[in-house]
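Before any comments, here is the structure.
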Amino acid sequence: MQQQPAEEQCNSTPQGVQALLDWQGAHGLPDFSAFSDADFAPAFAQALAEAEHEIAALTAIEEEPTVENFLIPFELSGQKLDRLCSIFFLRAGAHGNEQIRRLERRFAPELARFSSRLMMNKALFAKIEALYQRLDALKADDETRRVVVESRKGFIRSGAALPAAAQQRLSAINERLAMLGAQFGQNVLQDTSDWLLLLQKEDLSGLPEDVIAVMRAAAAEHGQPDAYAVTLTRAIIVPFLTFSARRDLREQALKAFLARGARGGASDNAEIMRETLALRAEKAKLLGFPTYAAFKLDNSMAKSAGNVMDLLLPVWAKARQKAANERDALREFAAQSGHNDRLEAWDWRFYAEKLKAKLYAFDEAQLKPYLQLDNILAAAFYVAGRLFGLEFTEIAHVPLWHETARLWQVRKDGREIGLFIGDYFARSSKQSGAWMSALQSSHKLRGGAKPIVYNICNFAPGAKGQPALLSLDEARTVFHEFGHALHGLLSDVRWPSISGTAVARDFVELPSQLYEHWLTAPEIMARFALSAKTGKAMPPEFLQKIQAAKNFTSGYDTVQYTASALMDMELHENADIADVAAFEKALLARLHMPEGIAMMHRPAHFKHIFDGDGYAAGYYSYMWSEVMDIDAFTAFEASGDVFNPELADKLYRHIYAAGGKAPPAELYQAFRGRMPQPAAMIKDRGLDG
Ligand SMILES: [Zn+2]
């Protein structure tokens, strides 16, 4: 075992370790003021030992396994480790530091080793298998049956049925993959936070006031209070590319953004990607699948790579066609304003925004003053009230991991059902992107547990004393992540392993993407899109303009997304990719990637698929879920009431509260009465013309 750096051993206290493992804070939360970073390592060791002990006790049971003597204790095992990990990985993502990063590189392989020991444990597998064989005799209810079936499948997919030598190799692969995933994410974070372009007043041409304010704050954070900083966080880079009139600076910034993870040197991800893909392919073969994509998709709603391609390829063809039309229009427009060069990737957003403003008498900057973060949050809560009878009450003065994180108690029909935490502002200790996760998932075994879920975003805080303002995309992100949060909060299942968001990856984006639709419902905009300056509601014609302009660059947007989804599938369908950058280039050529469009997720910084395997051979999930969310919202619209109580009740029972109670296709059909077709999604994106 490696020698621990000295500072991890000192400063730890028994009380701190205790606070991480037994949550004694207010409202059932961990007391974030009662432990320090130094407590993570000893708490981790203790929790791991306890989990091992519980597993040993379970395998030692001599009686025939039953739900009571085996399944329940098995489902409840490892609770302290879960608690510790939920806090640790929250911190690693949302508020890390050098010590946390070092610990993450240490914990990741240890956890992988533990998971291998657990999931390849023959004695444990034999007990699950025995339960599985006796499901009828035990007269198990549907939910319990589902847990046993899924659990058995999980064991098999983890190698429990393999011979010892193969198990050993698989275990080594998992451990190495965990390490590589953690390193990949850390490299992207480093390349994102390292890069900074300091500008002076004269360089700011074209930029809206609120963007300038955010850039000024970013410069101040870097000790340059008189300058303006372009950084690679999306809250700055995206508006900068959209509005800056300085073509040279846009080029510089976009190139830096696209080079993340591919700059050479210590943070370069080329070798990590190569090794990750090779190990994943080997792992799939060990488990009896021809490719890693086949292995991953076997556990999804889509079932096979063929079915994924049947969705993506027709969309790709239509999106390329529309993007080509968009480019022609942009070129013509750019030429009128004296731009006669090629339309490059750093020009697209800039000219698109200008042309959109001209055609629709509307630009994004007009919208922002009406989209105050606090109001958008209030809107998300309000919609949850109308649809599901939820109420959110903010609780102040409870210590969390950062002073800007906020806590709400959630009630349904007057009864407390859980806690929601929102951490919305970008900072250098936070990973990029937006996500939902849980400190605690809900279940009903032996006293049960209430859900404690959180959303992390990377919005720019408001300038001094001013409210934080969002772009329309960012407001959608609030609703999106909140939709995931509801999936966790409303979960009404008995078993932890099928609780809330523990569903197939290509189904999990349905509750989140569906929720986005309510943001732009006229009633919601009228009530919550209020000017930060005057308090007046957004003029109703803005909403019509948003709708009219919605698909103005849908070719471009769909090309960007679908290129990444196809890239992900192809990377995981091929066994031996020696050079991922060369593969990327060749694939884009083969797909006829339209000129002048850059993938915002290039492999070298594609955390979805390389920082852990969550979305590996699974990035298509967003579009797969979109087919369902468009179809689902259409049901509300067609009823003439976007809050239709009857539909809302079905949505609650079969989707938001259902967790993984039943296979996703069954859940969807229970809600809608049938399966959806992609045509409505293609039409909604304006790609059917
Ligand atoms: Zn999502």
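Summary table
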| read-out | value |
| --- | --- |
| Most positive-pole-ward Cα, Ala665, Phe606, Ser512, against dipole of the chain from beta carbon charges | Ala665 |
| Residues of the stretch 148-271: accessible area per residue with a 1.4 Å probe, Å² | 41 |
| C-alpha long axis of helix 40-59 to longest principal axis of the chain, angle in ° | 50 |
| Lys/Arg +1, Asp/Glu -1 at C-beta; the stretch 60-144 dipole; positive extreme among Phe114, Pro73, Leu124 | Phe114 |
| Rounded accessible area per residue of the stretch 346-423, 1.4 Å, Å² | 39 |
| Cα-projected label distance for Asp341 with Ser304, points at 7 Å along beta-carbon direction, nm | 4.8 |
| Carbon plus sulfur fraction of accessible area for the stretch 305-418, probe 1.4 Å, in percent | 47 |
| Probe 1.4 Å, protein heavy atoms only - accessible area per residue of the stretch 1-133 in square angstrom | 45 |
| Shape call, the stretch 293-406: gyration tensor on alpha carbons, a/c limit 1.5 | oblate |
| Full-stretch length increase - Leu445, Leu313 - with 0.36 nm per residue and alpha-carbon distance subtracted | 43.1 nm |
| FRET efficiency for Ala357 and Asp248, using Cβ-Cβ distance with R0 set to 22 Å, rounded to 0.05 | 0.45 |
| Lys/Arg +1, Asp/Glu -1 at C-beta; the stretch 262-334 dipole; positive extreme among Leu287, Leu311, Ala262 | Leu311 |
| Once the Cα gyration tensor of the chain is diagonalised, semi-axes √(5λ) in Å | 40, 28, 28 |
| GluC sites (Glu not before Pro) within the stretch 276-366, DSSP loop, no more than 10 other Cβ atoms inside 10 Å | none |
| With all protein chains modelled, accessible area of Ile395 [1.4 Å, Å²] | 30 |
| Contact order normalised by residue count of the stretch 518-558, Cα under 8 Å, 6+ apart, percent | 27 |
| Portion, in percent, of the accessible area of the stretch 189-266 that falls on carbon or sulfur, probe 1.4 Å | 52 |
| Extension reserve of the Asn69-Arg427 stretch, reckoned as 0.36 nm per residue once the Cα distance is removed | 124.1 nm |
| Cα-centred dipole magnitude for the stretch 165-247, charges only on beta-carbon of K, R (+1) and D, E (-1), debye, nearest 20 | 360 |
| Expected 222 nm ellipticity per residue - DSSP helices of 4 or more, -39500 (n - 2.57), all of the chain, to 500 | -18000 deg cm²/dmol |
| FRET efficiency for Gln168 and Thr59, using Cβ-Cβ distance with R0 set to 25 Å, rounded to 0.05 | 0.85 |
| Over 22 Å between alpha carbons, listed pairs Lys412/Lys650; Lys358/Lys545; Lys80/Lys450; Lys201/Lys545; Lys255/Lys368; Lys545/Lys650 | Lys201/Lys545; Lys255/Lys368; Lys545/Lys650 |
| Magnitude of the charge dipole, the chain, Cβ model with Lys/Arg +1 and Asp/Glu -1, debye to 20 | 620 |
| Estimated FRET transfer efficiency (Arg117, Leu286; beta-carbon r; R0 22 Å; 0.05) | 0.85 |
| Value of Rg to Rh for the stretch 574-627 (Rh from inverse mean 1/r over Cα pairs, i.e. Kirkwood) | 0.98 |
| Contour excess over end-to-end distance, with Cα ends at Arg102 and Glu403 and 0.36 nm allotted per residue | 106.0 nm |
| Degrees, to the nearest 10: 209-221 long Cα axis against longest axis of the chain | 50 |
| Set of lysines near Lys127 by C-alpha distance (under 19 Å), chain-local residues within fewer than 8 positions excluded | Lys139, Lys153 |
| The stretch 91-196 - percent relative contact order, Cα under 8 Å, separation 6 or more | 40 |
| Accessible area of Met273 in the full protein assembly, 1.4 Å probe (Å², nearest 10) | 10 |
| Restricting the stretch 419-507 to trypsin sites (Lys or Arg not before Pro) in coil, as DSSP defines it, with at most 16 other Cβ within 10 Å | Arg427, Lys444, Arg446, Lys464 |
| Accessible carbon and sulfur surface of the stretch 116-165 relative to its total accessible area, %, 1.4 Å | 58 |
| Per-residue SASA entry for Ile156, accessible area with 1.4 Å probe, Å² rounded to 10 | 70 |
| Aspartates and glutamates with Cα under 14 Å of Lys285, excluding same-chain neighbours fewer than 8 positions away | Asp298, Glu573, Asp576 |
| Principal-axis tilt of helix 305-336 within the chain, Cα atoms, nearest 10 degrees | 20 |
| Normalised contact order of the stretch 385-490, rounded percent, pairs of Cα under 8 Å and 6 or more residues apart | 22 |
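The values are calculated or read from the model by the stated rules, or taken from the named source; none is laboratory data. Note that the coordinates shown come from a computational prediction; the quantities given were computed from them, not determined experimentally. Ideal geometry is used to build each Cβ from the backbone, glycine not excepted, and the neighbour counts take in all protein chains shown. For accessibility, only protein heavy atoms count, side chains too; no ligands or nucleic acids. Shrake-Rupley method; radii C 1.70, N 1.55, O 1.52, S 1.80 Å.
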